[in-house]
Structures are given as structure tokens and as C-alpha cells.
1. Output the number of the condition that residue 101 fails; it satisfies all remaining conditions of (1) under 17 Å from the mean Cα position of the chain (by Cα); (2) hydroxyl-bearing (Ser, Thr, Tyr); (3) surrounded by fewer than 17 Cβ atoms within 10 Å (Cβ to Cβ); (4) modelled with pLDDT of 85 or more.
2. Quick check, is residue 70 outside any strand (DSSP E or B), among the acidic types (Asp, Glu) and within 19 Å of residue 37 (Cβ to Cβ)?
3. So how many residues does segment 70-108 have that are touching a helix residue (DSSP H, G or I) at 6+ places or on another chain (Cβ under 8 Å) and not charged (D, E, K, R)?
4. Can you tell me how many residues within segment 83-105 are assigned to a loop (DSSP other than H, G, I, E, B), in contact with a Phe, Trp or Tyr (Cβ under 8 Å, 6 or more places away or on another chain) and over 17 Å from residue 64 (Cβ atoms)?
5. Which residues, counting only those in segment 67-105, are of a type in the set (S, T, N, Q), farther than 15 Å from residue 27 by Cβ and in contact (Cβ under 8 Å) with a residue 60 or more places away in the chain?
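The values are calculated or read from the model by the stated rules, or taken from the named source; none is laboratory data. Just so you know, these numbers come straight off a predicted model, no measurement behind them. Note that we place each Cβ from the backbone using ideal geometry, even for glycine, and neighbour counts take in every protein chain shown.
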Amino acid sequence: GWCPLSPTGAQTSQLLVDPPWRPAVLWDRVTLTCQGSGTAGDTTWYKDRRWWHEERDPFTVTESGDYTCDRPGSGLSPPVRVLNDWLVLQVPARPLLEGDTVTLRCRG
């Protein structure tokens, strides 16, 4: 997977989203996987910047909000927003560069 380097040069934890579309929506039965050093059992999850729980990794999201994960040795991941909106315009959950051909999904 793609793991950007932090300013100190260490890899940070990353959240993988399945299905791989952003923004993620609850009615897609979104599964989050925390990728980083350490074991999956040591993953700590945060929702809306507050400690959420220590859940198995991966896990299926049941509430909307902003999720981050923390793996020992990798630190906190960038957040992933999961919405409960009626209508969303989605893009692939991957880095996009100028000139890329992109498939958009309008879903409701």
C-alpha cells in the first residue's frame, strides 16, 4: 500500500477503505483496515478525535464520523470520513494526479 513519510522519515499508519471510494458512506457497509507496523491486535481506533475502542482490524463501520487508527511504531493515521448522506459524489480512494482519467460515481 501507499504510505507517505512523516517529517521524521518514519512511515505513518494508513487507513484502507473497502469499498475503495471516497467519501465512504454507511450504506456501503464500509470496512476499515489499519496498515502499519506492529500487529493488528494492537490497533487503537479513534472516532471524531476521541478514543473509540480497541477493535479487531479490520472492522465494519456502524456510525458516521471521522475515523483514525494508531499502530504502535507507526503513529496516528490520516482521518477517513464516513458519511450517512442520501446523495454522494464519489471518487476512487487513491492518490489522484493531474491528467489521470477518473471514474466518478453519483449515488443515492
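1. (1)
2. So residue 70 fails the test.
3. 4
4. Residues meeting the conditions: 2.
5. Across segment 67-105, the qualifying residues are 74, 77.
Yes/no matrix, rows are residues, columns are (1) under 11 Å from the mean Cα position of the chain (by Cα); (2) surrounded by 18 or more Cβ atoms within 10 Å (Cβ to Cβ); (3) modelled with pLDDT of 90 or more:
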| residue | (1), (2), (3) |
| --- | --- |
| 3 | no, no, no |
| 10 | no, no, no |
| 18 | yes, no, yes |
| 26 | no, no, yes |
| 30 | yes, yes, yes |
| 40 | no, no, no |
| 49 | no, no, no |
| 52 | no, no, no |
